[in-house]
1. Look at Ile85 and say whether it is farther than 26 Å from Ala292 by Cβ, within 11 Å of the ligand (Cβ to nearest atom) and either part of a strand (DSSP E or B) or of a type in the set (A, V, I, L, M, F, W, C) (or both).
2. Could you check segment 191-211 and list, in sequence order, the residues that are outside any strand (DSSP E or B), surrounded by 15 or more Cβ atoms within 10 Å (Cβ to Cβ) and out of contact with any Ser or Thr (no Cβ under 7 Å at 6 or more places or on another chain)?
3. Give just the number: which of (1) within 12 Å of the ligand (Cβ to nearest atom); (2) more than 11 Å from the chain's Cα centre (by Cα); (3) closer than 29 Å to Glu107 by Cβ does Glu52 not satisfy?
4. Inside segment 240-281, can you point out the residues that are within 13 Å of the ligand (Cβ to nearest atom) and of a type in the set (D, E, K, R)?
5. Give segment 222-239 a look and list any residue that's within 15 Å of the ligand (Cβ to nearest atom) and small (Gly, Ala, Ser), or say none.
6. Check Glu107, Glu20, Glu96, Glu113 and return the single one that is of a type in the set (D, E, K, R), crowded, with 16+ Cβ neighbours inside 10 Å and either over 23 Å from Val148 (Cβ atoms) or away from the ligand (no atom under 16 Å from the Cβ) (or both).
7. Residues in segment 278-288: is at least one more than 20 Å from the chain's Cα centre (by Cα), at pLDDT 95 or above and either buried (at least 22 other Cβ atoms within 10 Å of the Cβ) or part of a helix (DSSP H, G or I) (or both)?
Amino acid sequence: MQIYHLPSIENISSSVDLIEVSGLRTIRIQHPLARAVISLHGGQLLSFQPKEKNELLWLSSDAILDGSTPIRGGIPVCFPWFGRIASPAHGFARTETWEVAGIQEDESKLTIELVLAATDSTLSIWPYHFEAKLTFEIEQDIKVRLFVKNVDYKPFQFSAALHSYLNVGDIQNFKVYGLGSTYLDSLANGEKRVGKEILSIDQAIDRVYLQPAPTVTIEDHDRERVISITNNNHNSAVVWNPWLIGAESTPDINSAQFTQFVCIESCLYASSLEQGKTLAPGESYELSTKIASS
Ligand code: TA6
C-alpha cells in the first residue's frame with residue numbers, strides 16, 4: 001500500500017502529518033532517521049522503515065481498514081488480555097480509537113504518545129477504569145511502550161502483548177535465536193514442550209516461549225539482514241505464523257503472502273483472566289518492545 005504517497009489532511013510539524021487511510025485517521029512520520037505510520041484505530045503502528053533500510057513491519061495487503069475489525073499487520077496492541085481467554089480476542093485496545101497526547105521531536109528522535117481510557121463501551125466488556133498510554137520512540141530503530149495504570153478503586157488483573165508482525169524475505173529461509181527451548185504449544189491445547197534452541201519454521205506455529213533471552217534475533221537470509229527484538233517486562237515471547245492452510249481460512253491474509261511475515265510478540269501472558277498480572281488501585285505497569293535491523 002502506498003501510504004507514504006497519500007495526501008496530507010493536516011500538517012502537524014515538519015516531520016508529522018495526519019492522513020486518512022481508507023477513512024482511518026492515521027499519523028504519518030517522515031523524519032530524517034525513519035518513516036512510520038500509526039493508526040489511531042487500535043493505536044497501531046502500521047509501518048516502520050529506517051532510512052535507507054527495508055520496511056521492518058508487515059501489513060497485509062488484504063487488511064480491513066474500515067474500523068470494523070483489528071488491522072492485520074504492524075503492531076496490534078493486545079489489552080486488557082492476550083489471546084482468546086475472553087471476548088473479544090486479544091481484548092479491545094486494538095479496536096478502540098486512541099487519542100494523540102503528545103509529539104516531541106528533534107533531529108535525533110521523534111516521540112509520539114497516544115492515550116486510551118475507559119469508556120462506556122470498554123466498561124461493558126471489562127468493568128475497570130484504567131489509563132493506557134502508548135509511546136512510540138522513533139530513531140533508526142523503533143521502541144513501543146505500553147503503559148497501563150489502574151485508576152479504579154478496586155484491583156484488576158490483565159495480560160497484554162505487542163503483537164508485532166515482522167516483514168521477512170521468506171519465513172522458510174530464516175532462523176530465530178534467543179527464544180529458549182521451553183514453550184506452550186497453542187496448536188496442542190497449550191501443552192508444555194521443549195524444542196530446539198534455534199528455531200527454523202516449516203509449518204504452522206503458535207507458541208508461547210516461556211524463557212526468552214532479553215533480545216531475540218532473526219537472521220533474515222533473503223533480505224541479508226538481522227532483525228533484533230528487545231522486550232522488557234514481558235514474561236514470554238509469542239511466535240505465530242498460520243502457514244498456507246491457516247492463511248487460506250483467514251480472510252484478511254492473502255494466502256500467497258504467508259511466507260512474508262512472522263509474529264514475534266512481547267507478551268505478558270496469562271492462561272486466564274484471573275491468572276493475569278494484578279494491579280492495585282494507583283499501580284502501573286509498562287510492557288515494551290524495541291525492533292531494530294542491521
Ligand atoms: O499471538 C498468536 C495468536 O494469538 C494466534 O493464536 C493467532 O490466532 C493470532 O494471534 C492472530 O489472532 P487474531 O485474533 O488477530 O486473528
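The values are calculated or read from the model by the stated rules, or taken from the named source; none is laboratory data. It should be emphasised that the depicted structure is a prediction, and the values quoted were computed from it without experimental measurement. Using ideal geometry, Cβ is built from the backbone for each residue, glycine included, and neighbour counts are taken over all protein chains shown.
1. The answer is yes for Ile85.
2. Ile201, Ala204
3. Among (1) within 12 Å of the ligand (Cβ to nearest atom); (2) more than 11 Å from the chain's Cα centre (by Cα); (3) closer than 29 Å to Glu107 by Cβ, Glu52 violates only (1).
4. Passing the criteria: Asp252, Glu265.
5. Passing the criteria: Ser236, Ala237.
6. Sole residue among the options that is of a type in the set (D, E, K, R), crowded, with 16+ Cβ neighbours inside 10 Å and either over 23 Å from Val148 (Cβ atoms) or away from the ligand (no atom under 16 Å from the Cβ) (or both): Glu113.
7. Within segment 278-288, none of the residues are more than 20 Å from the chain's Cα centre (by Cα), at pLDDT 95 or above and either buried (at least 22 other Cβ atoms within 10 Å of the Cβ) or part of a helix (DSSP H, G or I) (or both).
Matching residues to (1) within 16 Å of the ligand (Cβ to nearest atom); (2) of a type in the set (Phe, Trp, Tyr); (3) surrounded by fewer than 16 Cβ atoms within 10 Å (Cβ to Cβ):
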| position | (1), (2), (3) |
| --- | --- |
| Ile27 | no, no, no |
| Pro32 | no, no, yes |
| Ile38 | no, no, no |
| Leu57 | yes, no, no |
| Arg72 | yes, no, no |
